[in-house]
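The values are calculated or read from the model by the stated rules, or taken from the named source; none is laboratory data. Just so it is clear, the model here is predicted, and its values are computed rather than measured. Please note: Cβ atoms are built from the backbone with ideal geometry, for glycine as well, and neighbour counts cover all protein chains shown. We work out accessible area using only protein heavy atoms, side chains counted, and drop any ligands, DNA or RNA first. Shrake-Rupley method; radii C 1.70, N 1.55, O 1.52, S 1.80 Å.
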Amino acid sequence: MAFNEKLADQVRKLLGHASGLAEKKMFGGLAFLINGNMSVGVHGEELIVRIDPASTDAALKEPGARLFDITGRPMKGWLMVGGAGIKEARSLTKWVRRGVEYASALPKK
């Protein structure tokens, strides 16, 4: 599956030169890892965001957010965010920041 290169470039700019940052093709798209832990990614036209699993239910109430489910087995703490959730720079920045903050708090791989 192809992924939205423009969205990937926007995410790259937001991430800048974050410590421990790496890009890796995953999930049929592009993932951005912090110290080996997935933080955010681009799948098709949507953003994949890894968050604290305890905050999943609240995050799902936000515009454009749904469970990450490309295998038929959705996981708490993994979201797909599209449409209104990433349309504006401000909301995209918020989601990228959330993914980076969570991944940065995990042990290095």
For segment 10-109, which whole percent of the accessible surface, found with a 1.4 angstrom probe, sits on carbon and sulfur atoms?
54
Using +1 on the beta carbon of Lys and Arg, -1 on that of Asp and Glu, and nothing else charged, what's the dipole of segment 27-109 about the Cα centre, debye to 20?
200
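Where does the chain land at 222 nm, in deg cm²/dmol rounded to the nearest 500, when only DSSP H runs of n ≥ 4 count, each adding -39500 (n - 2.57), divided by all residues?
Details: 3 runs with 32 residues, N = 109.
Mean residue ellipticity at 222 nm (helix-derived): -9000 deg cm²/dmol.
Suppose a student asked you for the relative contact order of the chain, using Cα pairs under 8 Å spaced at least 6 residues apart; what percent would you report? Don't jump to the answer; show the numbers that get you there.
Working: 198 pairs, mean separation 28.4, N = 109.
Answer for the chain is 26 percent.
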Step by step: find N for segment 30-109, compute 2.2 N^0.38 Å, then divide the Cα radius of gyration by it. What's the final number?
1.00
Quick one: dipole size for segment 1-65, taken about the Cα centre, charges +1 on Lys/Arg Cβ and -1 on Asp/Glu Cβ, in debye to the nearest 20.
200
Projected onto the charge dipole of the chain (unit charges on the beta-carbon of Lys, Arg, Asp and Glu, signs +1, +1, -1, -1), the Cα from 28, 96, 4 with the largest positive-side position is that of 96
Projecting each Cα onto the charge dipole of segment 2-109 (Lys/Arg +1, Asp/Glu -1 at the beta carbon, about the Cα centre), which of 107, 49, 80 comes out farthest on the positive side?
107
State in Å² the accessible area per residue of segment 27-97; use a 1.4 Å probe, count heavy atoms of protein chains only, and round to the nearest integer.
47
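Students often check this: by mean Cβ neighbours within 10 Å, which of 92-98, 64-70, 15-21, 34-40 ranks highest, and how do the rest follow?
Going by the mean number of other Cβ atoms within 10 Å, highest first, we get 34-40, 92-98, 64-70, 15-21.
Given 61/108; 13/87; 61/109; 13/76, which pairs have Cα atoms separated by over 20 Å?
Values: 61/108 30 Å; 13/87 16 Å; 61/109 31 Å; 13/76 27 Å.
Checking Cα-Cα distances, 61/108; 61/109; 13/76 exceed 20 Å.
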